[in-house]
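Here is the structure we will look at.
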Amino acid sequence: MSITTHRDGAIAVITIAAPPVNALPVAGWFDLAAALRDAGDDPGTHVVVLRAEGRGFCAGVDIKELQRASDHQALVGVNRGCAAAFGAVYDCAVPVVAAVHGFCLGGGIGLVGNADVLLASEDATFGLPEVDRGALGAATHLARMVPQHLLRALYFTARTITARELHQHGSVLDVVPRGELDAAALKVAGEIAAKDTRVIRAAKEALNGIDPQPVRRSYRYEQGFTYELTLTGAGDEIRDRFGAGESS
């Protein structure tokens, strides 16, 4: 598992690489949060591109890590790690451009829903399978991408939505062939990076300041229900079924 950062001029490109499906363990979420904070804190960074290697952008949390744990510390850790990573995208001092290919599920939605600009490849799909995993969360972030009634339908059914459909709702800026995704993300990032970074940093802070959605607080509220489901036994029961191959 690796979270790496490389520079393309004033653009910091952060890459998620956690084969086989980019399902991040506790440490991975905290590593991603640290990479995002470091990039934004660097005065030489004008914009961040968040991308991934492999079959898809992100499959969420590493459920197998939760199943291996003998107590609830892994659940606490991953919930705090997700909150840290999602918050680091939102609070990054410069705009974050997310480049999504393949699947973007669970925690992946938490990342891209908090991004400032979202681009996707033609094969990209987005969804929250939380109800099928015995947990809740990231509705806060999906709500930033789709209208309320569609949010509820997607959440209750655990269906996915395509990049083309999200483009129609205005949350995905562009949909491009997969082979052109990185170039498309760098092009948009380059447009932002060419601006005076003092103004862009102020604009990011200003936009966050007028955001009607209190993303940190609402996500932590959602997480409380995950703890409740786990304490009552429902969460572990459903995750065990998923681990045994009964859930998709």
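Worth a mention:
- Count - residues of the stretch 1-17 that are crowded, with 21+ Cβ neighbours inside 10 Å and not β-branched (Val, Ile, Thr): 1
- Considering the stretch 93-103, the residues that are among the hydrophobic types (A, V, I, L, M, F, W, C) and in a loop (DSSP other than H, G, I, E, B) include one that is farthest from VAL175 (Cα to Cα), namely ALA93.
- Of all residues in the stretch 85-99, those that are more than 10 Å from the chain's Cα centre (by Cα), over 19 Å from PRO214 (Cβ atoms) and surrounded by 24 or more Cβ atoms within 10 Å (Cβ to Cβ) total 3.
- So ALA74, is it outside any strand (DSSP E or B), under 20 Å from ILE200 (Cβ atoms) and more than 14 Å from the chain's Cα centre (by Cα): no
- Selected residue (criterion: nearest to ALA138 (Cα to Cα)) from residues of the stretch 34-53 that are more than 16 Å from the chain's Cα centre (by Cα) and either charged (D, E, K, R) or part of a loop (DSSP other than H, G, I, E, B) (or both): ASP38
- Subset of the stretch 18-30 that is surrounded by 19 or more Cβ atoms within 10 Å (Cβ to Cβ) and assigned to a helix (DSSP H, G or I) - its residue that is nearest to the chain's Cα centre (by Cα): TRP29
- Scanning the stretch 54-65 for residues that are more than 26 Å from GLY179 (Cα to Cα) and either part of a strand (DSSP E or B) or aromatic (Phe, Trp, Tyr) (or both) yields a single hit, VAL61.
- Within the stretch 204-230, considering residues that are of a type in the set (A, V, I, L, M, F, W, C) and closer than 24 Å to VAL100 by Cα, the one surrounded by the most Cβ atoms within 10 Å (Cβ to Cβ): VAL215
- Test result for PHE30, without any contact (Cβ under 8 Å) to a residue 60 or more places away in the chain, touching a Gly at 6+ places or on another chain (Cβ under 9 Å) and among the aromatic types (Phe, Trp, Tyr): yes
Every number in this text was worked out from the coordinates using simple rules, so none of it is lab data. The shown structure was predicted, so the numbers you read here are calculated from the model rather than taken from an experiment. Cβ sites come from the backbone with ideal geometry, for glycine too, and all protein chains shown count toward neighbours.
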